[in-house]
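Contents: one structure, followed by commentary.
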Amino acid sequence: MAHYHGIDCKLSGSVYVVSEIERAIPLIHGVRGCAFHQRLSPRKLYSPVYDMACTNLMEEDVIYGGEEKLRRGIYDTYKRYNPDLIVVLPTCISGLMGEDVHSVVEDIKDEVPCELVIVTSEGFAHRDHDSIDSIMQYVATSWKNTSQQFDFRGCGQVDMLAALAEQLMEEQDVIENSVNLESNGRNTFGFNLELQEVGSILGKMGITLNTVFPTTTVKRIKQAPAARLNIARSRTDKWAAYMKDEFGTDHIKSWPHNSGIEGMARFLMDIGTRMGLDGEAEAVIDEEKKRAEKELVKIRHALMGYSFAIVSQSLIFNPHRARVYIDDLMIPIKCICIDSLVLNRLKVSQETRDMMIKNMYSIFDEMNLDFQITTDPSAQETYKISKEVDHVLGEFITSHVYERNAEIPVLDITMFSNMLYRTSFNVIIELGRYLTRRINRPQIRDRHLIVSRLKYNSPYYPLLDDPRISSSVSMWQEIWRANSRGGC
């Protein structure tokens, strides 16, 4: 939601990755307003980035140059925080000034007793909104085609990971049967759950976990090339591709179809095959699947007595996740309502939206689903569907709209939306337990929350349904698009 309505320039993705690294400090080379606003990263709304430095460029610096201020800023940042890593992050203003950040860092790196990394993080280097259309085309085709590659240019998180690989990692003696796992969100629910489970499963196969990238120490990032295999999970594996070219580290990528128990089992089996441990992997995975199935028996029994509808924006970005609800939890689903209006908000073309919907229906057909699928239902249609089921499952970004406009109480499953991407059987079990607890808890249907009393603009939630606000949004989008086309 913050990516749609908040400050989501390239700098924010870079700051987020730095905040995942122990004893690492981002140094913003720009005005203090940039540093202030980037303390609350769209990827880390649950925890502000408190430890952040800024060169605080002023008007005279813009006129006469800020390279000396950057030099002093690096010294001051080390003196104040005593970090293991300082990541220099240029901003729009320092980029427009033509600051030679690389030369400054090169001159000073031997004088500062910590690592220095530079990332091209200027806001104007962020991808323009028109590129979202091609990204969504890639997303839709990746549901079936796993041979294609896509370069997410202008993404701060992608470029930050690549910079760490290029500027920090060092040649190592390869440790046989060892892997690196790409994972982040150290303070989020599900992170430690995944690490414990993946570490245990891989350990039983005879595989050691070398490092978790980037959520680790600077020392462990340097030693990442000691692994024989990288497990990449983000949209692009640019960092892993660099390690392949530079260090010869092979990599395997998780795809949308690696969802649910069977999907994760296949993915883990692929890892075992890459390591030449087919027999060991098969035995361990079978054992883990049996354990998960045993845990799910009671959960399925508790859920099968009810009927459900799913109202989701996220399923359209990975329809394979429906397998979790249908195959793993065996929830009696009567209808799935897909809200694609967020794609309209992102200026995704109608052609691309039609392709995504078509591919989604194709995957649901392959799953032999026999329930109703509704795309972009009206409030009246959603209300009618909700009266035909016992419970509606939804996400925060849609639940308040439906509760306010259609008086439909929604079981919020936002917490598990991103967690289902993790390589973990336990996450599915936790989702089942959560749903079981919620349906057995008396629901307060007349809550009268202030946030639910407001009238929202459905396509642009959480913006209010006010013509002045929608006009401002339209004006901003047209200016952004015009600048993007003009190359500004």
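Remarks
- Ellipticity estimate at 222 nm from DSSP helix runs (n ≥ 4, -39,500 (n - 2.57)) divided over the chain, nearest 500: -14500 deg cm²/dmol
- Positive-end extreme of charge dipole, the chain - chosen from TYR50, ILE108, ILE331 (charges on Cβ): ILE331
- Average silhouette area of the stretch 147-254, convex hull of alpha-carbon atoms, in square nanometres: 7.0
- If R0 is taken as 30 Å, the Cβ-Cβ distance between SER307 and ASN418 corresponds to a FRET efficiency of 0.70.
- Residues of the stretch 232-260 falling in the label zone of MET355, defined by backbone nitrogen less than 20 Å from a point 7 Å along Cα to beta-carbon, are 235-237, 255-257.
- Multiplying the residue separation of TYR383 and TYR50 by 0.36 nm and removing their Cα-Cα distance gives an extension gain of 115.5 nm.
- Overall Cα dimensions of the chain - principal axes, largest extent first, Å: 68, 63, 40
- Modelled this way, with points 7 Å down the Cα-to-C-beta line, the labels at GLU282 and ARG39 are 5.7 nm from one another.
- Under 26 Å from LYS289, Cα to Cα: lysines that are on another chain or at least 8 residues apart: LYS144, LYS204, LYS253, LYS298
- Rounded to the nearest 20 debye, dipole of the chain from Cβ charges on Lys, Arg, Asp, Glu: 1700
- Reachable aspartates and glutamates from LYS347, criterion Cα separation under 20 angstrom, eight or more residues apart if same chain: ASP8, ASP128, ASP130, ASP133, ASP151, ASP339, ASP376, ASP465, GLU478
- Scoring 213-220, 20-27, 167-174 by mean Cβ neighbours within 10 Å over their residues and listing the highest first yields 20-27, 213-220, 167-174.
- Pairwise centroid distance, computed over Cα atoms, of the stretch 9-27 with the stretch 281-305, Å: 38
- Antiparallel %, DSSP beta bridges [both residues in the chain], to 5: 0
- The gain in end-to-end length when the GLU170 to SER131 segment is fully stretched comes to 10.6 nm, 0.36 nm per residue minus the alpha carbon separation.
- Only lysines eight or more places from LYS387 in sequence, or on another chain, were considered; those with a Cα closer than 19 Å are LYS334.
- Comparing the stretch 1-82 with the 2.2 N^0.38 Å rule of thumb, its C-alpha radius of gyration ratio is 1.14 (two decimals).
- Once the chain from LYS109 to VAL297 is taken as fully extended at 0.36 nm per residue, the excess over their C-alpha distance is 61.9 nm.
- Net charge dipole, the stretch 147-254: roughly 320 debye, given to the nearest 20, about the Cα centre with Cβ charges of +1 for Lys and Arg and -1 for Asp and Glu.
Every number here is computed from the coordinates shown, using simple stated rules; none is lab data. As the structure is a computational prediction, the values presented were derived from the model and not from experiment. So basically every Cβ, Gly included, is an ideal-geometry build from the backbone, and we count neighbours across all protein chains shown.
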